[in-house]
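Asker: Below is the structure I would like to discuss, written out as structure tokens.
Coordinate-derived values only; no laboratory data. Just so we're clear, the structure is a prediction, and the values are computed from it rather than from any experiment. FYI the Cβ positions are ideal-geometry reconstructions off the backbone, even for glycines, and counts take in every protein chain you see.
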């Protein structure tokens, strides 16, 4: 079975500082990993995904994520946070193993608050 | 503009009433999904459809029903059997059913409230 954990309900960071939103996963094979962002009362927007290849994935709005197989992690990062980055961030994983569901499993979400 | 639309934005349900949430996409995607979002619980899958006239239950299908008569439409009915329907409902689609690396595209959501 596939699962994903976002250990922090909320992350606070000052504008201009680097930010990290954590995600760990569990799958039986090699995972497909996704990050989505949700602004208040809106649907989710795709940020980036890891399928294979380079462990550092670059996405929209200056975000990037690093796939670490040994730590089963896929943390979202940005070098310099903006107040407009404040939103709810979801990590998702899909298991490509034979018999595994292709439907991604979403984490519970992490609320990012960037202070001016 | 291509995308996914959901209506209404807000929906009020009376006790014992069935209500239907609309989801339409013009992306020509094969797969469509319905999720329920509650605070602190992330997204939970209600139903999904890989192709017209076919759909499967997700993790929390009880009290809900769907249909997929057209490729672009995937309405969700919240029945009176769903005792705690207050939530934010999200519809999504992806290009190819069965594609494990497929990105999902989400609609703006419908907030359902019980009177």
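Asker: Confirm whether residue B:41 is farther than 18 Å from residue A:38 by Cβ, surrounded by fewer than 20 Cβ atoms within 10 Å (Cβ to Cβ), out of contact with any strand residue (DSSP E or B) (no Cβ under 6 Å at 6 or more places or on another chain) and within 13 Å of chain A (Cβ to nearest Cβ).
Answerer: Details: farther than 18 Å from residue A:38 by Cβ: no; surrounded by fewer than 20 Cβ atoms within 10 Å (Cβ to Cβ): yes; out of contact with any strand residue (DSSP E or B) (no Cβ under 6 Å at 6 or more places or on another chain): yes; within 13 Å of chain A (Cβ to nearest Cβ): yes.
Judged against the criteria, residue B:41 is not a match.
Asker: With the condition kept exactly as written, say whether any residue in region B:3-13 is over 12 Å from the mean Cα position of the chain (by Cα) and under 20 Å from residue B:96 (Cα atoms).
Answerer: Step one: list which residues in region B:3-13 are over 12 Å from the mean Cα position of the chain (by Cα), which gives B:3, B:8-13.
Next, from what is left, pick out any that are under 20 Å from residue B:96 (Cα atoms): B:3.
Within region B:3-13, one or more residues are over 12 Å from the mean Cα position of the chain (by Cα) and under 20 Å from residue B:96 (Cα atoms).
Asker: Something else now. Among residues belonging to region A:34-58 that are at the interface with chain B (Cβ under 10 Å from one of its Cβ atoms) and over 17 Å from residue B:106 (Cα atoms), point out the one that is surrounded by the most Cβ atoms within 10 Å (Cβ to Cβ).
Answerer: Looking at the filtered set, the residue picked out is A:50.
Asker: Determine whether region B:97-111 contains at least one residue that is surrounded by fewer than 14 Cβ atoms within 10 Å (Cβ to Cβ) and at negative phi.
Answerer: Step one: filter region B:97-111 for residues surrounded by fewer than 14 Cβ atoms within 10 Å (Cβ to Cβ), giving B:98.
Then drop every residue that is not at negative phi, which leaves none.
No, every residue in region B:97-111 fails to be surrounded by fewer than 14 Cβ atoms within 10 Å (Cβ to Cβ) and at negative phi.
Asker: Now for a separate question. Would you mind telling me which numbered condition in (1) within 14 Å of chain A (Cβ to nearest Cβ); (2) under 25 Å from residue A:39 (Cβ atoms) residue B:85 fails?
Answerer: If we test residue B:85 against (1) within 14 Å of chain A (Cβ to nearest Cβ); (2) under 25 Å from residue A:39 (Cβ atoms), just (1) comes out false.
Asker: Pick out, from region A:42-116, the strands (runs of 3 or more DSSP E) lying fully within it that include 1 or more residues that are closer than 25 Å to residue B:38 by Cα, without any contact (Cβ under 8 Å) to a residue 12 or more places away in the chain and in contact with a helix residue (DSSP H, G or I) (Cβ under 7 Å, 6 or more places away or on another chain). Reasoning before the result, please.
Answerer: Numbers: elements: A:44-50, A:56-58, A:64-68, A:73-78, A:87-94, A:110-115.
The strands (runs of 3 or more DSSP E) meeting that bar number zero.
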